[in-house]
Amino acid sequence: EFFLLGFSDKPALQPLIFGLFLSMYLITVFGNLIIILAISIDPSLHTPMYFFLSNLSFVDICFTSTTIPKMLWNIQTQSKAITYAGCITQIYFLILFAVLDVFLLSVMAYDRFVAICHPLHYTVIMNPRLCGLLVLVSWVMCILNSLLHSLMMLRLSFCTHLHIPHFFCELNEMLQLACSDTFLNNLVMYFAAVLLGGGPFAGILYSYSKIVSSIRGIASAQGKYKTFSTCASHLSVVCLFYCTMLGVYLSSAATQSSHSSATASVMYTVVTPMLNPFIYSLRNKDIKSALKRI
C-alpha cells in the first residue's frame, strides 16, 4: 500500500475539503454532461467543432473521476491508503486523459484553422471520416503512451517509505519513492512530455498564427470580430489549460515543495475541467441557444 497525504492532516479541515471537492466534482460532471446532451440532441450542433467538444467534455469527466472519488472516499473513511494496483491504475488513466485533453485541444485548433483559413473547402476537408479518424488516432496514441508508462512502473521496486505528498498517485512523485534505478523512466517521461505535449502545443500555436494572419486580412472591424468570435471559446480553454499547467510546474520548481505542487495541481486536474462547460456555454451562442431549447 501507498499513503496519499493529501492537503492537510488537521481533522477540522477534512469536512471543508470534502465539501469543496465534492461540489467541484458534481459541477464538473453535471456541466460536461449538459454539454454532451445539448450537442447530442440539437441537430444544428452536429458539426466537427461540436463533435470534438463533446469528446473533450467526456474526457474531462473521466479525468476528474480518476482522482477525486478516491480522495473523497479516503476522507470519508479516514484512511490515506491506496493499493499498489490502485496506484498504477490511477497513473495509467491520469496520463491517458491528461494527454487526450492536449490532443483534443490541438485537433480543435486545427478545425478552427480550416474553418477560418479555408472556409470554402471546410466541409470537404473536415468530413466525418477525418473527424472520426483524428479522435481515434488520439485515443490510440494516448492509450499506448499511458500503457508504456504504467508497464515501466511495474519494473521498479519500492522501499518502506511509501508516503505520497499528493491527493493522487502522480508519476513523478512515484518515481522519487522508488529504490531501483529510475533513469530510463525519467528519460521516457521527459521525452513523452516534449513529444506529446510540446508537439500538439506547437500545432495550436501554428494554427492560431495562421488564424490571426487571416483575420488581419479582413477589411471590416465587424468581420474581424465575427471571425475571431468563432474560436474565442476554444482559445479561452487552451489558455486556461496551458497557463494552469505551466503555473503548476513553475511553482513546484520555485518552491521545491511537494505540498505546494499538490495544491497547484488542483488547477489543471479539477478547476480547468470544471470551468470548460461554463466557458463554452457563456461564450458560445450556439451552445446557449441549444441549452435554452433543452
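The values are calculated or read from the model by the stated rules, or taken from the named source; none is laboratory data. This structure is a prediction, so every number in the text was calculated from the model and none was measured. In this analysis, Cβ positions are derived from the backbone assuming ideal geometry, glycine residues included, and neighbour counts consider all displayed protein chains. We work out accessible area using only protein heavy atoms, side chains counted, and drop any ligands, DNA or RNA first. Shrake-Rupley method; radii C 1.70, N 1.55, O 1.52, S 1.80 Å.
At-a-glance table
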{"quantity": "Index of the failed condition, SER207 passing every other in (1) modelled with pLDDT under 85; (2) assigned to a helix (DSSP H, G or I)", "calculated": "(1)"}
{"quantity": "Scan of region 1-51 for residues that are closer than 18 Å to THR263 by Cα, outside any helix (DSSP H, G or I) and free of Cβ contacts under 8 Å to residues at least 60 places away in the same chain, ordered by number", "calculated": "SER8, ASP9, LYS10"}
{"quantity": "Region 4-35: number of residues that are modelled with pLDDT of 90 or more and touching a His at 6+ places or on another chain (Cβ under 7 Å)", "calculated": "0"}
{"quantity": "Candidates LEU33, LEU20, LEU45, LEU53 - the one that is farther than 30 Å from ASP286 by Cα and either in contact with a Gly (Cβ under 8 Å, 6 or more places away or on another chain) or of a type outside the set (D, E, K, R) (or both)", "calculated": "LEU20"}
{"quantity": "Wholly enclosed helices (runs of 4 or more DSSP H) of region 65-180 bearing at least 2 residues in contact (Cβ under 8 Å) with a residue 12 or more places away in the chain, surrounded by fewer than 14 Cβ atoms within 10 Å (Cβ to Cβ) and of a type in the set (A, V, I, L, M)", "calculated": "128-154"}
{"quantity": "Some residue of region 8-22 being open to solvent by 40 Å² or more (accessible area, probe 1.4 Å) and within 28 Å of ASN185 (Cα to Cα)", "calculated": "no"}
{"quantity": "Test for PHE58: is it modelled with pLDDT of 90 or more, closer than 23 Å to ILE287 by Cα and surrounded by fewer than 18 Cβ atoms within 10 Å (Cβ to Cβ)", "calculated": "yes"}
{"quantity": "Subset of region 234-253 that is farther than 21 Å from LEU177 by Cα and open to solvent by 70 Å² or more (accessible area, probe 1.4 Å) - its residue that is modelled with the lowest pLDDT", "calculated": "LEU250"}
{"quantity": "Set GLY223, GLY198: member being at pLDDT 85 or above and assigned to a helix (DSSP H, G or I)", "calculated": "GLY198"}
{"quantity": "LEU20 vs. criteria among the hydrophobic types (A, V, I, L, M, F, W, C) and more than 15 Å from VAL271 (Cβ to Cβ)", "calculated": "no"}
